[in-house]
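The values are calculated or read from the model by the stated rules, or taken from the named source; none is laboratory data. No experiment lies behind these values; they were computed from the predicted model shown. Every residue, glycine as well, gets a Cβ built from its backbone with ideal geometry; the counts of neighbours run over all protein chains shown.
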Amino acid sequence: MPRAMLSEQELDQMRQRLAQAALELYAEQGYEAVSFRELAQRLGISHTLPYRYFDNKDALFAQVRTGGFLRIRAMLEQKDPRHLDAPARLFALGQATVDWVKAHAAAYRLMFSMQQPPLEQYPELLRARREAFGYLVDVVRDGVREGSMQGEPLTVMHLAWVSVHGLLTLHAADQLVHGRTLDQLMQPLLQTVIGQQLRAPATRSRAAAAPRSRRGGKQA
């Protein structure tokens, strides 16, 4: 008797269950411990059933990573203080990201693991990564537009991300062992990285002074 066709919702629900179980097993025992047979045992399903939802382990972990980036993107949107200027927004989003990584260190390690196939093989994962990063690029773009920041937004955000990601990765790998914690280092790091992209106060003063000098000049 042929299997009943599953709806997209049913397929997605089982993929999410398998992905969550894979993340939990990864957090407990590491990458090599994750297998379809072990996941099936944990979920109480046939050991062949996971193959109905994922072609292989790479596809399974791509699902896990995609979910992580989607959650980060949603977190950024939720935590964004849009009423502030761009530098203040970036400080707030940086702290929100720290809080997320502290609560999901295993997910963060997996999302940026060196054991990954080329991202082009998994377009949904690549799109989720770009959307999360693009949200921050847009904040910098707003800063350049409003005059509170300078530089080319995509390059600025790449440089900031390289620095922040390095610190977050050390924390997630439990490698901050030289006397400073993630919380102690993040604010000085953000001040340094973001501060380099701020408009110089003198530049703003000169721009503001020009109209005043014209108004205050000698009358004809």
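Structural remarks
- Matching entry among Leu154, Leu190, Leu182, Leu159 (being within 17 Å of the chain's Cα centre (by Cα) and at pLDDT 95 or above): Leu154
- Single match in Arg180, Arg129, Arg141 (criterion: of a type in the set (D, E, K, R) and within 28 Å of Ala59 (Cβ to Cβ)): Arg129
- Number of residues in segment 164-182 that are surrounded by fewer than 13 Cβ atoms within 10 Å (Cβ to Cβ) and either part of a helix (DSSP H, G or I) or not assigned by TED's automatic domain parsing to the domain that holds Val193 (or both) equals 1.
- Count - residues of segment 110-122 that are surrounded by 19 or more Cβ atoms within 10 Å (Cβ to Cβ) and either in contact (Cβ under 8 Å) with a residue 60 or more places away in the chain or not in a helix (DSSP H, G or I) (or both): 2
- Meets criteria (crowded, with 20+ Cβ neighbours inside 10 Å, of a type in the set (A, V, I, L, M) and out of contact with any strand residue (DSSP E or B) (no Cβ under 6 Å at 6 or more places or on another chain)) for Leu84: no
- Taking first residues from segment 33-49 that are among the small types (Gly, Ala, Ser) and partners that are surrounded by 14 or more Cβ atoms within 10 Å (Cβ to Cβ), the Cβ contacts under 8 Å between residues at least 6 apart in sequence or on separate chains come to Ala33/Leu25; Ala33/Tyr26; Ser35/Lys57; Ala40/Leu49; Ala40/Pro50; Ser46/Ala40.
- Members of segment 127-185 that are among the β-branched types (Val, Ile, Thr) and either touching a Pro at 6+ places or on another chain (Cβ under 7 Å) or touching a residue at least 12 places away in the same chain (Cβ under 8 Å) (or both): Val137, Val139, Val140, Val144, Val156, Val164, Thr169
- When we screen Leu60, Leu39, Leu43 for residues that are buried (at least 19 other Cβ atoms within 10 Å of the Cβ), touching a Pro at 6+ places or on another chain (Cβ under 9 Å), farther than 18 Å from Gln115 by Cα and of a type outside the set (S, T, N, Q), the only hit is Leu39.
- Some residue of segment 93-114 being more than 15 Å from the chain's Cα centre (by Cα) and at pLDDT below 95: yes
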